[in-house]
Amino acid sequence: MKKTIRDIDVSGQRVLLRVDYNVPMNAELKITDDTRITATLPTINYLINHGAKVIICSHLGRPNGQVDTKLSLRPILARLSKLLDKPISFCEDIFDKSTSELVEKMNNGDVLMLENIRFFPGEETNDEKLAKALANLADIFVFDAFATAHRKHASTYGVAKLVPTVAGFLVEQELKVFDKVLKDPDHPFVAILGGAKVSDKLPVIQNLLDKVDTILIGGGMAYTFIKSIGGNVGTSIVDNTKLELAKNILDEAKEKNVKILLPIDNIGAKEFSEESEIKRFNSGFFAEDYQGMDIGPKTIKAFKKIIKKAKTIVWNGPLGVYEYEKFKHGTNKIAKYVAKSKAISLIGGGDSIAAIHSIGVTKKVTHMSTGGGASLMLLQGKQLPCIELIQEK
Ligand code: AMP
């Protein structure tokens, strides 16, 4: 078990808190969704109420190591200050003497925010000088940016190597759910996998074969599997370099008594476009000039039956080309069934989460992971570098 802020005495300590304030903003630099900010309030309020001196660090966008005023954290500071009902001081340059002077003057319960850490070229290269400059500001490092846990950056991995590190409440919650699902799942355990990148998802399936009862496969990745067993997939997206591995995984699943359900039928289109003619095809029997864009009604029905009986569900990736109104039906239906089920449900990946939000059932799922890449790595059975550096209890 990893240590959290509850396990240490933060009173009077300089606490460097790494959060993920990579929020969407419009052209007028107005924050259009502050979920990522409000989600950090429990951690920040805990630190303030327990007398810590809180130094907040985040990235925003991709300024590529250069100052870009459009990606300044100032609008975020203003929003956070309002939410906390408290003034927050701001530091533009971590290397400037004025920053350490300001930190030295902080009182218990004060909050300070550092400018976008990706304005520094050393952030994404995990530069030692930048990590040291951050470490010099802090007695304790609190890691609460789960979405960055797979990246070895200066403000995530670099600083965690130099300063005693504990988890914030957001990271604690993510780890709790992933731990339960991957180490002690209630059965039947069903994984639903979709999306286009087969290479990302095959290691997930390999890792889950020893844990799950059933895997439902949809989305573009399904066509690599269907082709691997000799099906005709027309012009559907296929990763030809992964055909053998896909076939081996299907064989391994049989040996391990894990059911893998591929789509039974599909909605196909002549062109990758919403205006295209569409037709339904049974799997493996596509017309040569059509490609799979969504799962079909028979598949939706079959998947529904399995989801209904599940006690644990992991879902990552859309079941069709979710960006197009015409091909989001399968994904939205699956989102509805997952939300309706009484299972512990863990959802990762932007499109699956968007589907849950768009049909208004957010509160009905157990956990929506804030980390795309990080959650995929955990599902693949890999360790997250930044999480490994958090102290054990
Ligand atoms: P991933 O990042 O691997 O989870 O893939 C997400 C993407 O997969 C989304 O942009 C979807 O549009 C795409 N996708 C889902 N189903 C299909 C499909 N049948 N053909 C092509 N792309 C798809």
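What's the ranking of 67-76, 39-48 by average number of surrounding C-beta atoms within 10 Å, highest first?
Order by mean packing, descending: 39-48, 67-76.
Size of the dipole of region 34-86 about the Cα centre, Lys and Arg at +1 and Asp and Glu at -1 on the beta carbon, nothing else charged, in debye to 20? Please report the intermediate quantities before stating the final value.
Working: 8 positive and 3 negative charges, 16 e Å.
It works out to roughly 80 debye.
Per-residue ellipticity at 222 nm for the chain, helices alone: DSSP H runs ≥ 4 residues times -39500 (n - 2.57), over residue total, nearest 500 deg cm²/dmol? The partial results should precede the final answer.
On the way: 14 runs with 133 residues, N = 393.
Only helices count here, giving -10000 deg cm²/dmol.
How high is the relative contact order of region 185-379? Use alpha-carbon pairs under 8 Å, at least six apart in sequence, and give a whole percent. Each step should come with its number before you reach the end.
Numbers: 422 pairs, mean separation 43.1, N = 195.
So the answer I get is 22 percent.
How compact and how long is region 1-48, expressed as Rg and Dmax of its alpha-carbon atoms in Å?
14.2, 43
Taking every DSSP beta bridge with both residues inside the chain, roughly what % is antiparallel (nearest 5)?
Values: 11 of 50 bridges.
Close to 20 percent.
Rounded, prolate or oblate for region 5-172? Axes are the square roots of the Cα gyration tensor eigenvalues, ordered a ≥ b ≥ c, and the cut-off for rounded is a/c under 1.5.
Details: a/c = 1.33, a/b = 1.10, b/c = 1.20.
Taking the square roots of the gyration eigenvalues as a ≥ b ≥ c, region 5-172 is rounded.
As a test, work out the antiparallel percent of DSSP beta bridges whose residues both lie in region 5-172, rounded to the nearest 5.
For region 5-172, the DSSP antiparallel bridge percentage is about 5.
Over region 28-146, what is the relative contact order in percent, taking alpha-carbon pairs closer than 8 angstrom and at least six residues apart?
Relative contact order here is 34 percent.
Calculate the dipole size of the chain relative to its Cα centre from +1 charges on Lys and Arg beta carbons and -1 charges on Asp and Glu beta carbons; express the result in debye to the nearest 20.
Working: 54 positive and 47 negative charges, 302 e Å.
Dipole of the chain, to the nearest 20 debye: 1460 debye.
Test of understanding: in a Gaussian network model of the chain with alpha carbons linked when under 10 Å, which of 146, 95, 178 would top the mean-square fluctuation ranking?
Among 146, 95, 178, the largest GNM mean-square fluctuation belongs to 95.
For the chain, with the dipole built from +1 on Lys and Arg beta-carbon atoms and -1 on Asp and Glu ones, taken about the Cα centre, which of 142, 266, 116 lies farthest toward the positive end?
Checked the options; the winner is 266.
Sorted from largest down, what three extents in whole angstroms do the Cα atoms of region 169-248 have along their principal axes?
Cα extents, longest axis first: 46, 24, 17 Å.
Which residue fluctuates most in the GNM of the chain (Cα springs below 10 Å): 276, 155, 228?
The residue that fluctuates most here is 276.
How far is the Cα center of region 303-345 from the Cα center of region 20-90, in Å?
33 Å
When the Kirkwood hydrodynamic radius is evaluated over all pairs of different C-alpha atoms of the chain, what value in angstrom, to one decimal, is obtained?
Values: mean 1/r = 0.0445 Å⁻¹.
After inverting the mean inverse Cα-Cα distance, the result is 22.5 Å.
Identify which of 26, 108, 332 has the largest mean-square fluctuation in a Gaussian network model of the chain, with springs joining Cα atoms closer than 10 Å.
Sorting by GNM fluctuation, first place goes to 26.
Using Cα pairs closer than 8 Å and at least 6 residues apart in sequence, work out the relative contact order for the chain, in percent. Mind dumping the intermediate values first?
Values: 837 pairs, mean separation 63.6, N = 393.
With pairs under 8 Å counted, the relative contact order is 16 percent.
Coordinate-derived values only; no laboratory data. Note that the coordinates shown come from a computational prediction; the quantities given were computed from them, not determined experimentally. Cβ: placed from backbone, ideal geometry, glycine included. Neighbour counts: every protein chain shown.
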